[in-house]
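Colleague: This structure is in structure tokens; I'll ask about it shortly.
Nothing in this text is a laboratory measurement; each read-out follows from the coordinates by a stated rule. On a predicted model such as this, the values are computed, not experimentally measured, just so you know. Neighbour counts are summed over all protein chains in view; Cβ atoms, including those assigned to glycine, are modelled from backbone coordinates with ideal geometry.
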Amino acid sequence: MNQLLKLSLAAAFAAAVTAPALAAPETFVIDGSHTLPRFSYSHLGYSTQMSRFDKTTGTITYDKVAKTGSVDITIDTKSVDTGSSVFNEHIQGTDFFDTAKYPTATFKSTKVNFEGDKPSTIEGNLTIKGVTKPVVLKVTSFQAMPHPMLKKDAIGANATVVIKRSEFNAGKYAPYVSDEVTIDIPVEAVKQ
């Protein structure tokens with residue numbers, strides 16, 4: 001019996017030593033100085049206008065072994081930067097973002113899909129002006145590595161989606177000003 005116990009303990013120890021380490025989901029905090037979501041649209045067919053938001057917060061979880069993750073982002077819609085202070089005020093009005101009533105827009109993932117070792121699409125719910133719609137962000141690039149300056153693990157990505165602003169009660173002047181809006185999200189996040 002003593003010999004059997006010793007063999008069992010030795011086998012358990014050997015299995016523990018040789019088993020691969022199981023990774024756990026890691027949490028990364030959004031770097032607001034490098035996460036500046038942009039949106040673009042056709043203006044009367046003359047040009048493509050591009051604007052951005054200067055304040056974004058949130059977290060991303062990532063498990064490279066299990067190939068899972070989640071994204072929770074909040075955008076301060078009052079931080080919109082169109083390049084014109086007059087237009088910044090106009091676009092924050094009730095016809096568009098209505099920032100007095102809805103000071104934030106959010107994206108909360110429901111599923112992250114992987115191709116190989118990298119996320120390829122992120123399904124989730126986008127809320128703008130109090131309206132929530134399901135969207136799928138296409139990930140066009142992804143990087144996970146130690147940050148060379150901060151000396152901490154970091155992740156970064158670029159993702160894009162096209163929405164119809166009229167579906168979010170912000171369709172004023174459509175179709176002259178395009179109803180379709182492309183949202184591009186460059187994101188960087190540092191491990192907590």
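Colleague: Please find, within segment 37-52, the residue that is farthest from K111 (Cα to Cα) out of those that are in contact (Cβ under 8 Å) with a residue 40 or more places away in the chain and part of a strand (DSSP E or B).
Modeller: Among them, the one singled out is H43.
Colleague: A follow-up question, please. When you look at V177, is it within 19 Å of the chain's Cα centre (by Cα) and surrounded by 12 or more Cβ atoms within 10 Å (Cβ to Cβ), yes or no?
Modeller: no
Colleague: Search segment 162-191 for residues that are without any contact (Cβ under 8 Å) to a residue 24 or more places away in the chain and farther than 17 Å from T77 by Cα and pair each with any residue that is of a type in the set (V, I, T) and assigned to a strand (DSSP E or B) when their beta-carbon atoms are under 6 Å apart and the residues are at least 6 apart or on different chains.
Modeller: The qualifying pairs are V162/T182.
Colleague: Tell me which residues, restricted to segment 131-161, are hydrophobic (A, V, I, L, M, F, W, C), in a loop (DSSP other than H, G, I, E, B) and either without any contact (Cβ under 8 Å) to a residue 12 or more places away in the chain or surrounded by 15 or more Cβ atoms within 10 Å (Cβ to Cβ) (or both).
Modeller: Scanning segment 131-161 gives a single hit, M149.
Colleague: Determine whether T56 is of a type in the set (V, I, T) and surrounded by fewer than 18 Cβ atoms within 10 Å (Cβ to Cβ).
Modeller: No, not satisfied.
Colleague: Please list, ordered by first then second residue, the pairs with beta carbon atoms under 9 Å, 6 or more apart or interchain, first in segment 57-72 and part of a loop (DSSP other than H, G, I, E, B), second of a type in the set (D, E, K, R) and crowded, with 16+ Cβ neighbours inside 10 Å.
Modeller: Hits for this filter: K64/E26.
Colleague: Sort out which residues of segment 73-99 are in a strand (DSSP E or B), of a type in the set (A, V, I, L, M) and over 18 Å from A189 (Cβ atoms), and write them in order of number.
Modeller: Selection gives V80 alone.
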